[in-house]
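*Asks:* Mind looking over this structure? Questions follow.
The values are calculated or read from the model by the stated rules, or taken from the named source; none is laboratory data. Quick caveat, the model's predicted, so the values are computed rather than measured. Positions of Cβ are generated from backbone atoms using ideal geometry, with glycine treated the same way; all protein chains shown enter the neighbour counts. Each accessible area value is taken on the protein alone, full model and side chains, heavy atoms only, with ligands, DNA and RNA left out. Shrake-Rupley method; radii C 1.70, N 1.55, O 1.52, S 1.80 Å.
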Amino acid sequence: MSDLNATAAALLGLLHDGPATGGELVAGAEERFGTFFSVTRSQVYRELPALHREGLVRLGKQGPRSSQQYLITAAGKKAFKAWLTSDSGPDHLRSPLILRVVHSGVLTQKQRATLFESARATYTQELDEAKAAVKAASDPVAKAVAEFGQTHARAALKLLDAVAS
């Protein structure tokens, strides 16, 4: 894999912490960077075999219900470090909320109101969680990432205020 995509890099980054199964990687991604970078179960299970074929991860212990543990290899660590130090290019926002807002014109007024109320509840909860993460952050990087989560949640709430009026 000469050029890692962001999902593959995210998985290699998580595997730096130690061996993990696909399910553990999905959970770890949600916990560690789910507020700003989503990784779906299908993406994880598509990337892991490709990373294995490229020699960037190796198979570890077979777990219960055929779960497979993966470990990062030296080549995987090297590829991840190369990805980290390469030009990241532009960020691409992928927001289901904004996509729904863009297309909300096809909904009835009541359906739109329900969509916006539901989104408001979700982003209010995300804001509360981000505030707690800022307080709990043990290092400057974790704190900055948590503050980014706060800013993102506030921006989504501001968007909802603008379209709900």
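*Asks:* Quick one: if you stick a label point 7 Å off each Cα along the C-beta vector at Lys158 and Ala137, how many nm between them?
*Replies:* Simple spin-label model gives 1.8 nm for this pair.
*Asks:* Quick one: accessible surface of Lys81, probe radius 1.4 Å, all protein chains present, in square angstrom to the nearest 10.
*Replies:* Roughly 140 Å² of Lys81 is accessible to a 1.4 Å probe.
*Asks:* Moving on. Rounded to the nearest 500 deg cm²/dmol, what is the calculated helix-only ellipticity per residue at 222 nm for the chain, with -39500 (n - 2.57) per DSSP H run of length n ≥ 4?
*Replies:* It comes out at -21500 deg cm²/dmol, rounded to the nearest 500.
*Asks:* Sticking with this one: How much of Ile98 can a 1.4 Å solvent probe reach, expressed as accessible area in Å² and rounded to 10?
*Replies:* Taking all protein chains as shown, Ile98 has close to 70 Å².
*Asks:* Quick one: order Leu93, Leu15 from most to least accessible surface, probe 1.4 Å.
*Replies:* Leu93, Leu15
*Asks:* Expressed as a whole number of Å, what is the distance separating the alpha-carbon centroids of region 96-141 and region 54-87?
*Replies:* 33 Å
*Asks:* Within the chain, how many lysine pairs that are 8 or more places apart, or on different chains, have C-alpha atoms less than 24 Å apart?
*Replies:* The result is 9.
*Asks:* Whose amide H sits under 5 Å from the amide H of Thr21, counting only residues 5 or more places off or on another chain, with H placed in the peptide plane?
*Replies:* Tyr70
*Asks:* Take the Cβ-Cβ distance between Thr85 and Leu107 as r, set R0 to 41 Å, and report the resulting FRET efficiency rounded to the nearest 0.05.
*Replies:* Efficiency for this residue pair is about 0.35.
*Asks:* Under 8 Å for C-alpha pairs, at least 6 residues apart: give me the relative contact order for the chain, rounded to a whole percent.
*Replies:* The normalised contact order for the chain reaches 19 percent.
*Asks:* Note down the nm distance, to one decimal, between modelled labels 7 Å out along Cα→Cβ at Glu31 and at Arg58.
*Replies:* The two pseudo-label positions are separated by 2.6 nm.
*Asks:* Given N residues in region 51-137, what is its alpha carbon radius of gyration divided by 2.2 N^0.38 Å?
*Replies:* After normalising by residue count via 2.2 N^0.38 Å, the value is 1.76.
*Asks:* Now, a different point. What three numbers, in Å, describe the spread of the alpha carbons of region 21-67 along their principal axes, ordered from the longest?
*Replies:* Principal-axis extents of region 21-67 (Cα, largest first): 29, 26, 16 Å.
*Asks:* Here is a further query. Sorted by accessible area with a 1.4 angstrom probe, largest first, how do Asp17, Asp87, Asp161, Asp139 fall?
*Replies:* Asp87, Asp17, Asp161, Asp139
*Asks:* Still on this structure, please answer the following. Between Rg and the Kirkwood Rh of the chain, both from Cα atoms, what is the Rg to Rh ratio?
*Replies:* A ratio of 1.04.
*Asks:* Give me the percent of accessible area attributable to carbon and sulfur for the chain, probe 1.4 angstrom.
*Replies:* Result for the chain: 55 percent of the exposed heavy-atom area is carbon or sulfur.
*Asks:* Taking the Cα centre of the chain as the origin, how large is its charge dipole in debye, to the nearest 20, when only Lys and Arg (+1) and Asp and Glu (-1) carry charge on their Cβ atoms?
*Replies:* Computed charge dipole of the chain: roughly 280 debye.
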